[in-house]
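Asker: The structure under discussion is supplied below as structure tokens; questions concerning it will follow.
The values are calculated or read from the model by the stated rules, or taken from the named source; none is laboratory data. The structure presented is a predicted model; accordingly, all values stated were derived computationally and were not measured. All Cβ positions, glycine included, derive from the backbone under ideal geometry; neighbour counts span all protein chains shown. These area figures cover heavy atoms from the full protein model, side chains too; ligands, DNA and RNA do not enter into them. Shrake-Rupley method; radii C 1.70, N 1.55, O 1.52, S 1.80 Å.
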Amino acid sequence: MLQRYDCKNIVFSSSATVYGLAKTMPVKEDAPLGTTNPYGNTKLFIEEILKDVYKSDSSWNAVVLRYFNPVGAHPSGLIGEDPSGIPNNLMPYIAQVAVGRLPELSVFGNDYETHDGTGVRDYIHVVDLAKGHVAALHKMEKSPTGWVAVNLGTGKGYSVLDMVNAFHKASGKPVPYKIVPRREGDVAVLYADPSFAQEFLGWKAELGIDEMCRDTWKWQSSNPQGYRTK
Ligand SMILES: O=c1ccn([C@@H]2O[C@H](COP(=O)(O)OP(=O)(O)O[C@H]3O[C@H](CO)[C@@H](O)[C@H](O)[C@H]3O)[C@@H](O)[C@H]2O)c(=O)[nH]1
């Protein structure tokens, strides 16, 4: 299909999970790669396939966007995250506790080497993430990029308890939690060095933790059951 329409430009949704157990923070695009789960393998394999495609035919362009932790919702409150079943990820879990759909959050470990013992991540607003894709498309339109990997993150790390507190502040709702053992496969700290995104794409994240929580809460409080109507 790509051949038929002479399409040789790809923006690929990769993930910071390809950095595996990264040792140096903030993590740059040239950090060693490795994965800790099958999802990470799929991202890394596809990155490699795209690299091979480019090596075999240099008229291809592949901008590989490595997302950190996407959260938030469209500010209208009309488009948001609606995971099926019990959420696996932190932000939708917190939102469902705040709205009263789930009783309490389980915090996976408070004995990491971080400022409060809980895991630290680089949360990025989905609106900033979307703009990163537009910037990648514009870049490809202007000049050939070849294969290139770009971190999409804010460069700031927040702990699980930072997120709980920020959500409480944004929503006015308490987020009860209990500390439970660590979740297998979780790293202590992961946050981006986003400087290459700014240099290469002219993009940087503009929205912070308060907007991430505000927009998640607008979506969740307007749609307590997600997209379901009953
Ligand atoms: O109920 C929960 C869920 C998560 N956490 C913690 O919250 C943090 C963030 O967890 P989560 O939202 O599940 O994100 P990650 O495990 O960091 O994984 C996300 O970020 C990766 C890239 O870094 C992507 O590959 C994954 O798809 C995406 O889920 C971690 O410290 C977790 O231990 C809890 O304490 N309780």
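Asker: Using heavy-atom solvent-accessible surface (probe 1.4 Å) with all chains present, what is the largest-first order of Arg182, Arg101?
Answerer: Listed by decreasing accessible area, they come as Arg182, Arg101.
Asker: Now a separate question. Can you work out the base-10 log of I(q)/I(0) for the chain at q = 0.08, 0.11, 0.17 1/Å, using the Debye formula on its C-alpha atoms alone?
Answerer: These q points yield log10 I(q)/I(0) values of -0.32, -0.60, -1.26.
Asker: At a 1.4 Å probe, what is the % contribution of carbon and sulfur to the accessible area of the chain?
Answerer: 54 percent
Asker: Pairs of lysine in region 9-222 with Cα under 13 Å and at least 8 positions apart or on different chains: total?
Answerer: Close lysine pairs found across region 9-222: 5.
Asker: Follow-up. At 1.4 Å probe size, with every protein chain present, just tell me what the per residue accessible area of region 9-222 comes to in Å².
Answerer: On a per-residue basis, region 9-222 sits at 49 Å².
Asker: Under a crude label model (7 Å from the Cα following the beta-carbon direction), how far is Asn37 from Val53 in nanometres?
Answerer: 2.6 nm
Asker: Solvent-accessible area of Met1, probe 1.4 Å, all protein chains present, reported in Å² to the nearest ten, please.
Answerer: Here the accessible area works out near 150 Å².
Asker: From largest accessible area down, sort Glu141, Glu47; use a 1.4 Å probe on the protein chains.
Answerer: Glu141, Glu47
Asker: Nearest 20 debye, what's the magnitude of the dipole of region 149-230 about its Cα centre given +1 on Lys and Arg Cβ and -1 on Asp and Glu Cβ?
Answerer: Result for region 149-230 is approximately 580 debye, rounded to the nearest 20.
Asker: If the only charges are +1 at each Lys and Arg Cβ and -1 at each Asp and Glu Cβ, what is the size of the charge dipole of region 9-222 around the Cα centre, to the nearest 20 debye?
Answerer: Dipole size: approximately 260 debye.
Asker: Further, regarding this structure: Using a 1.4 angstrom probe and counting only protein chains, how large is the accessible area of Glu81 in Å², to 10?
Answerer: Its heavy atoms expose roughly 80 Å² to the probe.
Asker: While we're on this one: With a Förster radius of 35 Å, plug the Cβ-Cβ distance of Glu141 and Lys169 into 1/(1 + (r/R0)^6) and report the FRET value to the nearest 0.05.
Answerer: 0.30
Asker: For region 131-230, take the convex hull of the Cα atoms, compute a quarter of its surface area, and give me that in nm², please.
Answerer: Averaging across all directions leaves 9.7 nm² for the Cα convex hull.
Asker: At a threshold of 8 angstrom on Cα-Cα distance, excluding pairs fewer than six apart, so keeping six or more, what relative contact order does the chain reach in percent?
Answerer: 28 percent
Asker: At 1.4 Å probe size, what's the solvent-accessible area of Phe196? Round to the nearest 10 Å².
Answerer: Around 50 Å² of this residue is reachable by solvent.
Asker: Give the residue from Ala130, Thr36, Gly202 lying farthest towards the positive end of the charge dipole for the chain; charges sit on Cβ (+1 for Lys and Arg, -1 for Asp and Glu) and the dipole is referred to the Cα centre.
Answerer: Ala130
Asker: If you don't mind, another one. Keeping every protein chain in place, order Cys213, Cys7 by accessible area at 1.4 Å, biggest value first, i.e. largest first.
Answerer: The ordering from most to least exposed comes out as Cys7, Cys213.
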